[in-house]
Amino acid sequence: MSGLTSYLPAFLGGVLIGTSAALVLLLLGRIAGISGIVANLLPPVGADWMWRAAFVLGLIGGPLLFIAVTGAPPEIEIAATPVTLVVAGLLVGFGTRLGSGCTSGHGVCGLARLSPRSIVAVATFMATAILTVFIRSHVL
């Protein structure tokens, strides 16, 4: 892919994320924050488990649909060791509990609703990400 077509998968992914977040809010009155959706699938399971399971299955099915349509898996390069990925995952999980939500809940849904808490959370996410990249690129 070259030119604007190289951005098409990311654009379509963003459209799908925004559409799914809007539908969850409009139809169910809930925020499409992945950490909250997944956490409420764990015991004790609530009465609203079906839409949560369908949402998670959709997340898993997305890449499978991409493969079915394009005939190839998405090109993904992970430049980290498995240990780094596990530690990063645990830190993200801790952060989502500490921050009462994840990047999808605060960044997609919270900012769209102009939630002050989400504005602070996203500013914190972004500042931490910028600082991390700076340290990894210029210090370590």
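The values are calculated or read from the model by the stated rules, or taken from the named source; none is laboratory data. Just so it is clear, the structure is predicted and the values come from calculations on it, not from any experiment. Here the Cβ is made from the backbone with ideal geometry for all residues, glycine too, and neighbour counts use every protein chain on show.
Odds and ends about this structure:
- Among the residues of the stretch 113-124, those that are surrounded by fewer than 17 Cβ atoms within 10 Å (Cβ to Cβ) and under 18 Å from Ala32 (Cα atoms) comprise Arg113, Leu114, Pro116, Arg117, Ile119.
- Residue match in the stretch 1-14 (condition: more than 16 Å from Ser104 (Cβ to Cβ), out of contact with any helix residue (DSSP H, G or I) (no Cβ under 7 Å at 6 or more places or on another chain), part of a helix (DSSP H, G or I) and small (Gly, Ala, Ser)): yes
- Only listed residue being within 18 Å of Ile37 (Cα to Cα) and assigned to a helix (DSSP H, G or I), chosen from Gly110, Gly101: Gly110
- Screening Ser2 with (1) at pLDDT below 90; (2) closer than 30 Å to Arg136 by Cα; (3) within 18 Å of the chain's Cα centre (by Cα) gives one miss only, at (3).
- Evaluating Val122 against the criteria (1) more than 28 Å from Ser6 (Cβ to Cβ); (2) β-branched (Val, Ile, Thr); (3) assigned to a helix (DSSP H, G or I) leaves one unmet condition, (1).
- Residues satisfying the stated conditions in the stretch 14-29, i.e. under 14 Å from the mean Cα position of the chain (by Cα) and either on the phi > 0 side of the Ramachandran plot or touching a residue at least 40 places away in the same chain (Cβ under 8 Å) (or both): Leu16, Ile17, Gly18, Ala21
- Of all residues in the stretch 35-45 being surrounded by 10 or more Cβ atoms within 10 Å (Cβ to Cβ) and not in a helix (DSSP H, G or I), the one that is modelled with the lowest pLDDT: Val45
- Looking at Ala32, Ala88, just one residue is surrounded by 11 or more Cβ atoms within 10 Å (Cβ to Cβ), of a type outside the set (Val, Ile, Thr), within 29 Å of Arg113 (Cβ to Cβ) and in contact (Cβ under 8 Å) with a residue 40 or more places away in the chain, and that residue is Ala32.
- Qualifying residue in the stretch 81-91 (condition: under 26 Å from Leu8 (Cβ atoms), in a helix (DSSP H, G or I), out of contact with any Leu (no Cβ under 9 Å at 6 or more places or on another chain) and β-branched (Val, Ile, Thr)): no
- Identity of the residue in the stretch 71-80, farther than 17 Å from Leu16 by Cα and of a type outside the set (A, V, I, L, M, F, W, C), that ends up surrounded by the most Cβ atoms within 10 Å (Cβ to Cβ): Pro73
- Single residue of Leu64, Leu12, Leu57 found to be surrounded by 10 or more Cβ atoms within 10 Å (Cβ to Cβ), more than 20 Å from Gly101 (Cβ to Cβ) and modelled with pLDDT under 90: Leu12
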